[in-house]
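Step one of this worksheet: look at the structure below.
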Protein chains: 2
Amino acid sequence: MGFELDNRKKRILQAVIKDYITTAEPVGSRTIARKYGLGVSPATIRNEMADLEEMGFLEQPHTSAGRIPSERGYRYYVDCLMQKEELSFDEEDLIQREYRSKIDDVGQVIHVTGQLLSQLTSYTAVVQKPKIGFSSFKNIQLLEMDKQRAMLVAVMDNGIVQHRMIEVPGSITGNDLAAISAVLNAKLSGFTMESIKNTLIKEIYIELAHYRRTIDLVLDVLRYSLASDNDDKIYLGGLFNILNQPEFQNVEKLKTLMGLLEQEDLLSNLMVADPSNSGVTVRIGGEISYQGMQDCSMVMAIYGVKGQPIGSLGVLGPTRMDYSKVISVVEYMTRKLSFALENLFKGLVDKEVKF
Amino acid sequence: MGFELDNRKKRILQAVIKDYITTAEPVGSRTIARKYGLGVSPATIRNEMADLEEMGFLEQPHTSAGRIPSERGYRYYVDCLMQKEELSFDEEDLIQREYRSKIDDVGQVIHVTGQLLSQLTSYTAVVQKPKIGFSSFKNIQLLEMDKQRAMLVAVMDNGIVQHRMIEVPGSITGNDLAAISAVLNAKLSGFTMESIKNTLIKEIYIELAHYRRTIDLVLDVLRYSLASDNDDKIYLGGLFNILNQPEFQNVEKLKTLMGLLEQEDLLSNLMVADPSNSGVTVRIGGEISYQGMQDCSMVMAIYGVKGQPIGSLGVLGPTRMDYSKVISVVEYMTRKLSFALENLFKGLVDKEVKF
DNA sequence: GTTAGCACTCCCATATATTGAGTGCTAACA
DNA sequence: TGTTAGCACTCAATATATGGGAGTGCTAAC
């Protein structure tokens, strides 16, 4: 692949795509000849473009218009033609500054990352929150709120803090809660949500036989409720950037797209990147198989800690997207995010890493 | 007020407004005569409408069009003509069901409230998160994360849980942190953020003389950082409902409005309801003095606990809004939200209530 | 293989009817 | 004096031509 086209065709295809990305208008042969000096006349370019169309790389909106890239064209561009664009000094500086102050909390880190992704690309950022299943308990506290209720607070090693109010029998005192907390901490800390073994749970039951009902509730909340509260949550940034895209000046289109973006589960599915591809995954137009997203492309990557993937992030924009720019930004930000999260782990003794 | 118009004029004005609210089209004299049987001919209605226009209650988009309500017209309608519309059984039932499961956490309650507000009105919901300054500390924990850092977790009496990672000197151990937590709890619990007195702080310093630097940091975070993290935060629900309003089919308008809604501080200002008005505040068109929101109206109310206001909620929609419906919903939901928060307080001993 | 030339296509912007809902005014009527 | 039928008038919105222009494909010459 990359060899089916001769050099001149490649250069012309590249020119068409670049021009279309910036102008959003069909590109004619004259434009190519003028703006991108290939040393040939418009007529020659016309012939080449006709060939490219026949091969499926270009399309014509109507007979007497210029050409626009087809999805296949974009795909070829992304795979073979495009060259990565480095981030400017100003951009790197901006990222540095934004991150500097906000690296102490997972929520903040995700937020900043989304902001930057959208700001730097002018498209919409989609950032999956880190799956909590992969983090391990650092500290569990059961705190008295009133006679009937206690606040369960779980601090994870990566700085995620989850909490949930639970009902407890009126007979349980603050001291009871402290005792329960102590046992839970002793038994569970260091373990991930998913790796809580039955043997562990049995031990807990034995030590806290008195509080069976409360323990049941707490363990249920810890295992199911808290994880599902956090997992598959998605942060959307720069949603309104869509409004600047000429392809979404039509309110009807906007409505369908917004309707889709409202559904978190759908976005979660969308964000399942190809893990075999260690770098950036690009989905172009119809490669996203959702009704109403055919005009969109998605550039995404998986972030993680210690080689272990814990979420993904991406940028959603029109098919006519500045892939070169976006891919660089996504790549860079993925590294940044992974690094920031890595920092939240720093100082922790090594823990079991499973893939 | 309410007496400047004779009965027939009132009925005609009301008819025009009701019709315009549902159709979004200028209303003609024939329509009024046909749809709202007043027992007079279109010609008579025309005369009356001309009068109403002269008095400033109606406007004409152009000479040969029907009439639309002016802002003054809407104002008169809201103040004198409109009758409240009760919620249907189905609606009350929906609210009941939604609230049932999600009343254990302030965040959830706010979320559900916003969802319902937007769903029931088809406009955009704006819900201020409860000011944390009014809640008091229930429990403060300083938990070891690694050698350099600790997680500060503050549980408030109304169920708000805040946390923040802080740097601590490497010399401080887990036991030190526990000791600090114990003192902080003993001294601060029961007090609101705002009412932490200097005498208290002195006492803390005396008891924890060893940890001066850490204490400084913790108190700073408690007093300034955590509160500002939460206060003036705003939950927006049903943002996309705007897309269904005919007045926002124009993408340019959408862009300005969305741009405004992006700015939380601006929304906070907007949400300052008139506290003298114990019930619902209605801001119509130009009464909202922000460039770009002239076509919008806002219906809002203050919610609170034990007579003490802790935030406000509202609905933002086009000036051509179903005021009758929206006002009922806002009123109802304000009660619901206050009640739900009240529940989060239940069981607590009475605390100082200041206004 | 490349290019100038040219007829052809089709969108788009502009100008030009046509329509129709709605008005204001007048004059007749109760 | 208030109400109403009648009618000419207005003006946005919708269709209907019209011309210009950008761009093409094809042909023939280089």
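The values are calculated or read from the model by the stated rules, or taken from the named source; none is laboratory data. For clarity, every value in this text was computed on a predicted model and none was experimentally measured. Cβ: placed from backbone, ideal geometry, glycine included. Neighbour counts: every protein chain shown. For the accessible areas, the whole protein counts, side chains as well, though only heavy atoms, and no ligand, DNA or RNA atoms are used. Shrake-Rupley method; radii C 1.70, N 1.55, O 1.52, S 1.80 Å.
Given the peptides A:210-223, A:292-305, arrange them by the average over their residues of other C-beta atoms within 10 Å, most packed first.
So the peptides A:210-223, A:292-305, ranked by packing, come out A:292-305, A:210-223.
Compute the Kirkwood hydrodynamic radius of the stretch B:41-137, taking the inverse of the mean of 1/r over all pairs of distinct Cα atoms, and give it in Å to one decimal. Mind dumping the intermediate values first?
Values: mean 1/r = 0.0568 Å⁻¹.
That comes to 17.6 Å for the stretch B:41-137.
So for chain B, averaging the separation of alpha carbon pairs under 8 Å that are six or more residues apart and normalising by length, what relative contact order in percent results?
Details: 539 pairs, mean separation 64.1, N = 355.
Relative contact order comes out at 18 percent.
Sorting the segments A:91-102, B:328-339 by their mean number of nearby beta carbons within 10 angstrom, highest to lowest, gives B:328-339, A:91-102.
Is there a quick way to get the dipole size of the protein assembly as shown? I mean about its Cα centre, with the Cβ of Lys and Arg at +1 and of Asp and Glu at -1; what is the value in debye to the nearest 20? Mind showing how you got there, number by number?
Values: 80 positive and 92 negative charges, 21 e Å.
I would put it at about 100 debye.
Could you calculate the FRET efficiency of A:SER268 with B:THR44 from 1/(1 + (r/R0)^6), where r is the beta carbon distance between them and R0 is 60 Å, rounded to 0.05? It would help to have the intermediate numbers written out before the result.
Working: r = 62 Å, r/R0 = 1.03.
Calculated transfer efficiency: 0.45.
When only the Cβ of Lys, Arg, Asp and Glu is charged (+1, +1, -1, -1), the dipole of chain A relative to its Cα centre reaches about 300 debye.
Placing dummy labels 7 Å off each Cα toward the beta-carbon, the span from B:ALA186 to B:LYS147 is 3.1 nm. A Cβ-based charge dipole, computed about the Cα centre of the stretch A:133-230 with Lys and Arg at +1 and Asp and Glu at -1, lands at about 120 debye. In the P(r) worked out for the stretch A:100-214, what percent of Cα pairs fall beyond 18 Å? Of all Cα-Cα pairs in the stretch A:100-214, 61 percent lie more than 18 Å apart.
Computed over the alpha-carbon pairs of the protein assembly as shown, the distance histogram in 10 Å steps reads 3, 12, 19, 21, 18, 14, 9, 4, 1, 0 percent, short to long. Residues within the reach of a label modelled at A:ARG8 (point 7 angstrom out along Cα to beta-carbon, backbone nitrogen below 11 Å), restricted to the stretch A:41-58, are A:41-49. Pairs exceeding 23 Å between alpha-carbon atoms, taken from A:LYS102/A:LYS306; A:LYS147/A:LYS233; B:LYS147/B:LYS202; B:LYS102/B:LYS306; A:LYS84/A:LYS306: A:LYS147/A:LYS233; B:LYS147/B:LYS202; A:LYS84/A:LYS306.
Per residue of B:145-151, other chain Cβ atoms within 10 Å of the residue Cβ number 6 on average.
Using a 1.4 Å probe over the heavy atoms of the protein chains, calculate the carbon and sulfur portion of the accessible area of chain A as a whole percent. Don't skip to the answer; put the middle values down first.
Working: 7770 of 15880 Å².
That share works out to 49 percent.
Give me a single rounded figure for B:161-167: the average over its residues of other chain Cβ atoms within 10 Å of their Cβ.
Values: counts 9, 2, 10, 5, 9, 1, 1.
Average per residue, whole number: 5.
Between this copy and the others, label points of B:GLN83 are 7.6 nm apart in ascending order, each placed 7 angstrom from Cα in the Cβ direction.
In terms of packing, defined here as the mean over residues of other Cβ atoms within 10 angstrom, the peptides A:245-255, B:180-190 line up highest first as B:180-190, A:245-255. Kirkwood radius for the stretch A:7-81, taken over all pairs of different Cα atoms as the inverse mean of 1/r, rounds to 11.9 Å. For chain B, with a Gaussian network of springs between Cα atoms less than 10 Å apart, report the residue from B:ALA340, B:ALA65, B:ALA227 with the top mean-square fluctuation. Looking only at B:ALA340, B:ALA65, B:ALA227, the biggest GNM fluctuation is shown by B:ALA65. Think of the stretch B:133-230 as having a plus end and a minus end, set by charges on the Cβ of Lys, Arg, Asp and Glu; of B:ILE201, B:PHE191, B:GLY174, B:ILE201 sits farthest toward the positive end of this dipole. Over all directions, the projected convex hull of the C-alpha atoms in the stretch B:188-327 averages 11.4 nm² in area.
Give the interface area between chains B and A as buried accessible surface, both sides summed, probe 1.4 Å, in Å² to the nearest 100.
Details: alone 17530 and 17550 Å², together 31740 Å².
Buried: approximately 3300 Å² between A and B.
Sorted largest first, the principal axis extents computed over the alpha-carbon atoms of chain B equal 89, 41, 35 Å. What the protein assembly as shown shows is 45 Å² of accessible area per residue, with the surface traced by a 1.4 Å probe over protein heavy atoms.
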